[in-house]
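The values are calculated or read from the model by the stated rules, or taken from the named source; none is laboratory data. Keep in mind it's a predicted model, so treat the numbers as computed, not measured. Counting neighbours? That spans all protein chains shown, and the Cβs are built from the backbone with ideal geometry, glycine included. Side chains included, ligands, DNA and RNA excluded: accessible areas come from the protein's heavy atoms. Shrake-Rupley method; radii C 1.70, N 1.55, O 1.52, S 1.80 Å.
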Amino acid sequence: MPYTVTTTVFPEVHILSPKVFGDQRGYFFESFNKKDFQKATGLDVEFVQDNHSRSVKGVLRGLHYDDKTWKLVNCIHGKIYLVVLDLRPKQPNFGKWESFILSPETSTQVLIPPGFANGHYVMEDNSVFYY
């Protein structure tokens with residue numbers, strides 16, 4: 001399977017670690033494949049937009065929130081400290097948060113469901129947040 005999927009303190013938030021193929025030339029990995037994503041997560045999520053955000057060290061972006069959109073986020077250059085906050089009223093984890101360090105060295109992706117806010121702090125110059 002191209003992904004290893006783990007859950008976090010929030011059962012709805014998933015960490016996806018794609019299988020990375022490396023050799024002396026560099027590396028390759030498939031960052032998204034709908035069929036494999038559905039098989040690994042059990043979710044039928046449709047992503048409708050991709051974005052890149054490049055920032056210098058020390059920038060804080062967020063918290064961004066909506067109650068309709070799934071987000072699959074990662075850092076493709078540099079290093080980012082990501083925070084995910086549960087803003088779903090009447091849920092047991094309302095107001096709780098969790099953090100992750102994202103960088104290209106780990107290729108880790110975080111799947112954020114609707115109802116969760118996210119923001120990130122840039123730990124290295126010219127970090128690129130891909131979502």
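On the basis of the beta-carbon distance and an R0 of 22 Å, E124 and K35 show a calculated FRET efficiency of 0.05. As a fraction of the 1.4 Å probe accessible area of the chain, surface on carbon and sulfur atoms comes out at 52 percent. Rounded to the nearest whole Hz, the Karplus-based 3J(HN,Hα) values (6.51 cos²θ - 1.76 cosθ + 1.60, θ = phi - 60°) of segment 50-57 follow the sequence 10, 9, 10, 9, 9, 9, 8, 4, with x at glycine and proline. Against the compact-protein benchmark of 2.2 N^0.38 Å, the Cα-based radius of gyration of the chain scales to 1.05. Geometric descriptor of segment 71-131, per residue, is 66 Å³ (volume of the convex hull of the Cα atoms). Based on DSSP H segments of at least four residues, each scored -39500 (n - 2.57), the chain has a per-residue ellipticity at 222 nm of -1500 deg cm²/dmol. First measure r as the distance between the Cβ atoms of W70 and V20, then evaluate 1/(1 + (r/R0)^6) with R0 = 25 Å and state the FRET efficiency to the nearest 0.05. Efficiency at R0 = 25 Å is approximately 0.60. Other residues with beta-carbon under 11 Å from the beta-carbon of L82 carry, at +1 per Lys or Arg and -1 per Asp or Glu, a net charge of +2. Mean separation of Cα pairs under 8 Å and 6 or more residues apart, divided by the residue count, gives the chain a relative contact order of 33 percent.
Tally Lys and Arg at +1 and Asp and Glu at -1 over the other residues with C-beta under 14 Å from the C-beta of V59: what net charge comes out? Local charge sum for V59: +2.
By the rule of a C-alpha distance below 21 Å, with chain neighbours fewer than 8 residues away ignored, the lysines paired with K71 are K19, K34, K35, K39, K79, K96.
Taking amide H as placed 1.01 Å from N in the peptide plane, the amide H of H77 sits under 5 Å from that of V128, each at least 5 places away or on another chain.
Peptide packing for 27-39, 69-81, 44-56, 3-15 was compared via the average number of neighbouring C-beta atoms within 10 Å per residue; ordered from the highest value, the list is 69-81, 3-15, 27-39, 44-56. Using the 1.4 Å probe convention, the accessible area of the chain works out to 60 Å² per residue with neighbouring protein chains retained.
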